[in-house]
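What follows is a short report on a single structure.
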Amino acid sequence: MQREVYQCVSSLVSGLAQIALQLDCRSCKDAFGIDQDELIDLCQRPNYEYPVRVFILEDADVGELESIANDVGRWEDVLDWSKVPAVRDDEDGMFRVFALDEAFDTEEEAQEAAIEAALPEIRKQVLALVTEQSEFQNIIQDRNLDYDYDEVYEHWLVSDWLARRLADKGEITGEVAGLTVWGRCCTGQSISMDSVIQEIATSLWGNE
């Protein structure tokens with residue numbers, strides 16, 4: 001914190017944003033080194049994670065879950081534990097699945113029922129595979145999901161080193177008039193308490 005975070009510039013960025021609305025794109029770029037769209041992007045962050053979580057945990061069917069799992073991991077790793085073989089009962093010729101008090105005419109029907117019964121846990125397993133911001137964003141784009149924006153509450157001058165690591169974590173960073181700025185989407189607590197800062201610090205300790 002003492003070495004990589006320099007100064008709060010929330011008022012500066014807010015003031016520049018208001019001025020930029022009165023300028024054309026070229027004048028804004030010439031004056032501040034950033035155009036209006038880039039300045040807007042510094043004041044809000046797309047929230048890809050929440051709609052993806054809802055989609056995976058509530059809306060996606062088995063085929064969509066399989067596609068997502070194969071994109072970011074392996075579907076076989078998700079499904080192996082739950083793919084309980086259907087067993088044919090020779091007494092009545094029906095197929096049964098362990099833990100399901102039902103009988104099915106075909107092994108395929110029994111297998112589909114086993115997967116359906118395990119679907120809540122399968123959803124959790126698939127979601128656990130999605131960890132990177134780029135993966136959340138790809139799922140949004142590939143499936144044309146709607147997403148919201150998180151509001152930036154504070155802007156801080158930070159080092160280029162910290163800005164790169166914040167950007168890797170999906171945080172908003174940019175350059176305004178030659179200054180490296182981080183858009184912080186929370187407020188009311190010390191920056192050292194932010195989870196993203198703690199993750200970056202922990203990763204450094206882990207490398208020592």
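No value in this document is a laboratory result; all are computed from the given coordinates. What you see is a predicted model; the values in this text were computed from it and never measured. Note: ideal-geometry Cβ built from the backbone for every residue, glycine included; neighbour counts use all protein chains shown.
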### Task
Over the chain, calculate the relative contact order: mean separation of alpha carbon pairs under 8 Å at least 6 apart, over the residue count, as a percent.
29
### For the chain, radius of gyration divided by Kirkwood radius, i.e. Rg to Rh on alpha-carbons
1.18
### Message
For the range 159-199, which trypsin sites (Lys or Arg not before Pro) pass both filters: DSSP loop (anything but H, G, I, E, B) and at most 16 other C-beta atoms within 10 Å?
### Response
Lys169
### Query
With point charges of +1 on the Cβ of Lys and Arg and -1 on the Cβ of Asp and Glu, referenced to the Cα centre of the chain, which listed residue (Thr173, Gln141, Ala60) lies farthest in the positive direction of the dipole?
Thr173
### On Cα atoms only, tilt of 119-129 relative to the major axis of the chain in degrees
40
### Query
To the nearest 10 degrees, how steeply does helix 107-117 sit against the main Cα axis of the chain, on a 0 to 90 scale?
40
### Query
Using a Gaussian network model of the chain with C-alpha springs under 10 Å, which one of Glu112, Glu171, Glu91 is most mobile by mean-square fluctuation?
Glu91
### Task
Please give the FRET efficiency for Asn144 paired with Thr187, using the beta carbon to beta carbon distance and R0 = 35 Å, rounded to the nearest 0.05.
0.60
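Only four residue types carry charge here, +1 at the Cβ of Lys and Arg and -1 at the Cβ of Asp and Glu. Report the dipole size of the chain about the Cα centre in Debye, rounded to the nearest 20.
Computed charge dipole of the chain: roughly 1640 debye.
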### Query
So how tilted is helix 62-72 from the main axis of the chain? Cα-based, degrees 0 to 90, rounded to 10.
50
